[in-house]
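Novice: Dumping the structure here so I can ask a few things about it.
Nothing in this text is a laboratory measurement; each read-out follows from the coordinates by a stated rule. None of the values given here were measured: they were computed from a predicted structure. Counting neighbours? That spans all protein chains shown, and the Cβs are built from the backbone with ideal geometry, glycine included.
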Amino acid sequence: MFADSKYSKVLTVLLIIAIVAIVGLLGFFGYSMYREYFTEEDAEKFVANYNNEEGENTPKQDLSNVTNPLNEINSVDMNAIAGSEEKEYTFKGYPVCGTIEIPKTEISYPIISELSNGAIKVAVARQLGPGPNQPGNTVIAGHNYKNNLFFSNNKKLEIGDEIYITDNSKNKVKYTIYNKYETTAEDTDYMQRDTQGAMEISLTTCTDDSKGRLVIWAKAE
């Protein structure tokens, strides 16, 4: 009788522990889904409003017909960009230097001007380089949360896919991916690469196992 009562109490305790664990897991996954949904929604609203504003001094430019970024962008487009005044924008308290849109992975985010732990919890950020649509290599970093947020799906991108970068003067430039590779977390060579004056971007995020970096190079067209 005593043994049965003791056994019953043990089962009750185990049942309570199991229920608490299940509720905790449901709460965790529920919060993750909630966070993912509203992070994407807030970012998409910002980008939509940002893109619908006309630049105060520079009209939007169609750079799709530029065949030689090294020569033509520097002589024509960059003069227009350099001569314009940029409006200041913020997203969730962080200064924004532009936006990024990747049709293949269906993402659109503000680009926070400076990388920080807080910044890349709400968007992607400029880690190094001159900034959006400027000559040189602009490095843009984003988390890989293994869901749909930020650069989680960069592994699905392929050579030839398109990336669109809009700067604060509302110049929207198409970049085409031409290199993709994995490297170690310690490798920073891609950050220092010389583009010979061409406008290029490097997207960087961690690999799914968090042991390395997935790096993508794209050049303005």
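Novice: With θ set to phi - 60° and the Karplus curve 6.51 cos²θ - 1.76 cosθ + 1.60, what are the ³J(HN,Hα) couplings of segment 173-183 in order, to the nearest whole Hz, using x for Gly and Pro?
Specialist: 3J(HN,Hα) across segment 173-183, in whole Hz: 10, 8, 10, 10, 5, 10, 7, 8, 7, 9, 8.
Novice: Report the relative contact order of segment 140-219, percent, no decimals, based on alpha-carbon pairs under 8 angstrom and at least 6 residues apart.
Specialist: RCO, segment 140-219: 33 percent.
Novice: On a full-extension model of 0.36 nm per residue, what is the gain between THR176 and ARG193, subtracting their alpha-carbon distance, rounded to one decimal in nm?
Specialist: The span from THR176 to ARG193 would gain 4.4 nm if fully extended.
Novice: Using DSSP to define loop residues, name the trypsin sites (Lys or Arg not before Pro) in segment 119-219 whose beta-carbon has at most 16 other beta-carbon atoms within 10 Å.
Specialist: Listed in order of number, the matching sites are LYS146, ARG193, LYS211.
Novice: If you don't mind, there's one more thing I want to ask. Once amide H atoms are placed 1.01 Å from N in the peptide plane, what residues at a sequence separation of 5 or more from ILE140, or on another chain, have their amide H within under 5 Å of its amide H?
Specialist: Close amide H contacts, sequence-distant or interchain: GLN127, SER202, LEU203, THR204.
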